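This is the structure I want to talk about, given as C-alpha cells.
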Amino acid sequence: MSDVLTFTREFVRSPWTTASPLPTSGAACDVALAPLPARGDPVVLELGAGAGATSAIVQHRLAGRGRHLAVEVNPRLAAVLAQRFPAVEVVCAEAVVALADLATRETRVDLVFSTLPLSLAEDRGFVAAAAALLTPGGALTQVQHSWARLLPWARAAEQALHEVFEEVVVSRTVWRNAPPATVTIARRPRR
C-alpha cells in the first residue's frame, strides 16, 4: 500500500495523533533537512515519522552515514516504518517519552526533525527537552501547515521556541506541500 493511502487511513482513524491527512512532501522535507551536516556521521531524530515518506528522504540524505532515530506513536505506522527501513531505529512511543528516554541515555543529536502537531511545541517543556538533546551546532526543525500559524496555540508554540532558542526562523510557504506548509528552524539552544 502506498505511503499516502496508509497515512490517510491512519489519519481517518485518529486525526488527533496523525497531524495531517497527507504525508509531508519532499519539498517541505528539503527545507526541514537543510541544517543536516553534509559530512561526518550526523544523528537525526525524526519525530512523527508516519509510514516513512519523510524517513525515505532522511535516509537518502544520510546516504549510509550517521544514525537515524524515528519516533512514531501509531503502532501500525511504526510497524510499516520498521519493515521498510531496517537501518532506522524505530521507537513506537509518545514523543515526550522518547525524548526523556534519549536524555537518560545521554543521546546527542544533530537534527531534531519534527512533523508532529504544532500544539505539542507550545509546551515549553517539550521544546526544552528536544533542545537539550542537540549538539552545539544542532537544530530543531518543525514542519507545520501554513494556516496553523494564525492560531493562538501556534503563536504560543513559536513563543516557546523563542524562549528556548537564540535563533528561530520561519521559512517561506512551501506550496508544493498539501496543504501548504512552513518550516520553523531553531538553532543555538539557550543553555
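Look at the range 30-73 and say how many of its residues are hydrophobic (A, V, I, L, M, F, W, C), in a loop (DSSP other than H, G, I, E, B) and either out of contact with any Phe, Trp or Tyr (no Cβ under 6 Å at 6 or more places or on another chain) or without any contact (Cβ under 8 Å) to a residue 24 or more places away in the chain (or both).
Result for the range 30-73: 7.
Out of PRO21, PRO42, PRO37, which single residue is at pLDDT below 95 and touching a helix residue (DSSP H, G or I) at 6+ places or on another chain (Cβ under 8 Å)?
Sole residue among the options that is at pLDDT below 95 and touching a helix residue (DSSP H, G or I) at 6+ places or on another chain (Cβ under 8 Å): PRO21.
Can you name the helices (runs of 4 or more DSSP H) wholly within the range 91-191 that have at least 3 residues being surrounded by fewer than 22 Cβ atoms within 10 Å (Cβ to Cβ) and at pLDDT 95 or above?
95-104
Scan VAL73, VAL80, VAL88 and give me the residue that is touching a Ser or Thr at 6+ places or on another chain (Cβ under 7 Å), surrounded by 14 or more Cβ atoms within 10 Å (Cβ to Cβ), at pLDDT 95 or above and of a type in the set (A, V, I, L, M, F, W, C).
VAL88
Return the pair list, or none, for Cβ contacts closer than 6 Å from residues in the range 159-174 that are closer than 18 Å to VAL143 by Cβ to residues that are part of a loop (DSSP other than H, G, I, E, B), at least 6 apart or on different chains.
THR173/PRO180
The values are calculated or read from the model by the stated rules, or taken from the named source; none is laboratory data. Everything numeric in this text was worked out from a predicted model, so none of it was measured. A quick note on method: Cβ atoms are made from the backbone with ideal geometry, for glycine too, and the neighbour counts reach across all protein chains shown.
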